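The values are calculated or read from the model by the stated rules, or taken from the named source; none is laboratory data. Just so it is clear, the structure is predicted and the values come from calculations on it, not from any experiment. Cβ coordinates were reconstructed from backbone atoms using ideal geometry, including for glycine residues, and neighbour counts include every protein chain displayed.
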Amino acid sequence: MKLILAIVSDDDCAEVCSALTKDKFSVTRLATTGGFLKSGNSTLICGVEDEKVDTVINIVSQHSRKRTQIVPSSSSFDVGRYGSYPIEVQVGGATIFVLDVEQFIKI
């Protein structure tokens, strides 16, 4: 038995959850916040049998898209003088953790 934690963008979360439940996987969604852009993410939790881990990873991968976003950036020119200019960063995709589970009980 494995526990899968998948951190996905809020933009992709509904589609990922829908695809997982369509394939009969139970999924729990936790609202989380990313540290880099302070943007909304969701952490999805699935308990699955060992042989189904690759299936879940493939579903999450198919429905989590990477995209670019323009964000403001600040740089210091001198003491007390700051400039702001836009930079392009890559957002989206998914971060997936697969953990061993000693016991899984569904009541």
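Note on region 76-107: residues that are farther than 30 Å from Met1 by Cβ, under 21 Å from the mean Cα position of the chain (by Cα) and at pLDDT below 70 amount to 3. Residues of region 1-24 that are among the hydroxyl-bearing types (Ser, Thr, Tyr) and either touching a Lys or Arg at 6+ places or on another chain (Cβ under 7 Å) or over 22 Å from Lys106 (Cα atoms) (or both): Ser9 alone. Taking the criterion of being farther than 15 Å from Ser64 by Cα and charged (D, E, K, R), the residues of region 7-28 that qualify are Lys22, Asp23, Lys24.
In the condition set (1) over 19 Å from Val101 (Cα atoms); (2) of a type outside the set (A, V, I, L, M); (3) in contact with a helix residue (DSSP H, G or I) (Cβ under 9 Å, 6 or more places away or on another chain), Ser26 is compliant with all but (1). When Pro72 is tested against (1) under 14 Å from Leu5 (Cα atoms); (2) over 12 Å from the mean Cα position of the chain (by Cα); (3) at pLDDT below 95, exactly one condition is not met: (1). Taken over region 21-36, residues that are modelled with pLDDT of 95 or more and more than 17 Å from Ile7 (Cβ to Cβ) amount to 4. The strands (runs of 3 or more DSSP E) found wholly in region 1-66 and carrying at least 3 residues that are touching a residue at least 40 places away in the same chain (Cβ under 8 Å) and out of contact with any Asp or Glu (no Cβ under 8 Å at 6 or more places or on another chain) occupy 2-9, 40-48.
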